[in-house]
1. Per the Kirkwood definition applied to all pairs of different Cα atoms, how many angstroms is the hydrodynamic radius of region 174-223?
2. Using a Förster distance of 41 angstrom, determine the FRET efficiency expected from the C-beta separation of Arg252 and His168, and round it to 0.05.
3. Compare Glu488, Glu397 by solvent-accessible area with a 1.4 Å probe and give them largest first, with all protein chains kept in place.
4. Between Ala566 and Met102, take the C-beta separation as r, use R0 = 51 Å, and let me know the FRET efficiency to the nearest 0.05.
5. Taking Rh as the Kirkwood radius computed over C-alpha pairs, what is the Stokes-Einstein D of region 435-508 at 20 °C in a medium of viscosity 1.002 mPa s, expressed in µm² per second?
6. Quick one: length gained pulling Leu495 to Ala345 fully straight, 0.36 nm per residue minus the C-alpha distance?
7. If each Cα of region 449-565 is one equal point scatterer, what is log10 of I(q)/I(0) from the Debye formula at q = 0.12, 0.15 Å⁻¹?
8. Which order do the peptides 360-369, 461-470 take when ranked by the mean count of other beta-carbon atoms within 10 Å per residue, highest first?
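The values are calculated or read from the model by the stated rules, or taken from the named source; none is laboratory data. Please read all numbers here as calculations on a predicted model, not as lab measurements. Don't worry about glycine lacking a Cβ; one is built from the backbone with ideal geometry, like all the others, and counts go over all protein chains shown. Only protein heavy atoms, including side chains, enter the accessible area calculation; ligands, DNA and RNA are left aside. Shrake-Rupley method; radii C 1.70, N 1.55, O 1.52, S 1.80 Å.
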Amino acid sequence: RRPAASSACGDMVPIFGAFPVLWLQLALLSYPIPTTADSSKCCDICDDNTCSAAVPIESLQLLQAEAVLHTHDTVVVDTSKMDHRQQATAAGGVRVAGLFMMLAVLCLISLFMYVKASMGEDHEEKDASAQPRAARDDSSIDASPSRKEKRGFHRAATVIVAEVKKRHWTIDDGTETMSPFTFVVNMFADLCPPGMLALPSGLATTGFVPGFAMLLVFYSLCVYSMYTIGKTTEITGARDFTGQWSCTIGPRTAWIPVAIVVIVCIGNCLAYSCFFADIFFRLMPSFGMAMPRSLCLLAFTLFPLLPLCLLKNLSALSNTSTFALAAVVYTAFVMVLRACDGSYAAGGVYFADVPKALAPDVPTNHLYGVGMQSLSLVNGMAIAFLSHYNGCKYYRELERHTPNRLLKCTATAMGISVLLYLITMTAGFQTFGMNCNAVILANYSRNDWLVNMARLGIGLSIIVSFPLMFSGLREAAIALLKRSSENESDWDMILRQDVLSMCLLVLITILALVMTDTGIVVGLVGAICGSTIIYIVPCSLYAASIQTFLTEHNSTTIMGLRLLTALGVVLAVGGCYSTLFI
């Protein structure tokens, strides 16, 4: 039986899981999509067939500032077209306002249902605990209808805000709530949507054979390092990095692993926010809604991101993670289709739409190339399997968890990710070759509606991947705050945890608004802290737990763990070099 405190999150699964798909349906059905069927037209706004070129509209500011959007030998300002354009701008503004209001309303509804479910859970617990006592007291009290109604009315009247403050949640309340399927889709959503897009560009400096070999090597190492987290938990009995570090290395420095988790999660959450803001900023004009980047960021942070970030258990995110799986599979299918049908090859349907810097340049022989430039691919692969910040949480929440069961589920989730990495790497490079962008979907035409739907799916997938990393951030932040608090149990209150979640989300959103280019910062954080939390911390803790708690020390295992720790240091240094100099 699941612990009672996790039932509220479980009850919210269909609610939160359905909203991204609901938004997708509303976006497709409610808003007109500009047509590009008539290739003789220079744009979708006017009927002029004499223009030699058209300047794309990027945002509302550009749309309002540009009085003339076409390049002619002689510039002529047509007032009627300007009026038509202003009407189109006003209509787009109305649609943007409607979308923002819809997301705000959905956010409020989700928060209301979250609070209601949590408080309803408290009543169930109180009723269950009070039932034996009521049975004993029934013989000695007046059981008249009026007395019963009074007690019922009094109980209903106690649903007040003060009751919310009494609710608590600890890591023990989220034990064994994930089925193996939920584990796999959650870890997949944690890895694949943000990890798959940068890998094709890495093949520009590395041949297929060494590139694929490196991917398989990193897959094996990351699966094993996740297994070490389960083994350390089994040996020490501690359920988080703080407890494991305290009983193996020492309590005075137990803040180190959780501080690393906080840094890596903030860095990657910041990258996720910038990522989906940029995707929707470039995508929304295709749906007739040109939105500034800041508005895209705020709107989709408000919903569905904020309600999802309040959920405590990973099992509550299974539906949204399943959506991410479907979106990534669709994106891989579209990339393979475009690589095979020649749409972006010379003379293809979309060849002329691609800028020269991103135009296809596929080499004829690209099997074995490798060099210093390959460090960029190594850096990308080193963090393409980054989910270890939630390693203890994955193990705790896995049903009937054992280290071997964790190993099988992790190998399955990362194996599916490897398969899709291989497919998208090959398809992307075979389509654009040496000119693959760091975000491969940027290479494709904005008039390609199959790719536009893939962009929409990936954007939403990154949004639903965000809460998985955010969950690790919140738990690590709470662990740090407990160390500096006189009463640690204060941070077990759900109200305080929710306030902390909102503050962290606001901080990340502000940073994403200010920092439009986070490449160097995120690259350094991923290289140093990512390698540390994947290789150095888990392997060091497992080796220390063997030496501390086991009477028989396997010297071969300890030597292998030391080598993996050294590899983590090398990858951190190589990642920093790649970020700064390549």
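1. Values: mean 1/r = 0.0770 Å⁻¹.
That comes to 13.0 Å for region 174-223.
2. Values: r = 28 Å, r/R0 = 0.68.
After rounding, the FRET efficiency stands at 0.90.
3. Largest accessible area first, the list is Glu488, Glu397.
4. That gives a FRET efficiency of 0.45.
5. On the way: Rh = 15.3 Å.
In µm²/s, the coefficient is 140.
6. 48.4 nm
7. Per q value, in the given order, log10 I(q)/I(0) is -0.74, -0.98.
8. Final packing ranking: 461-470, 360-369.
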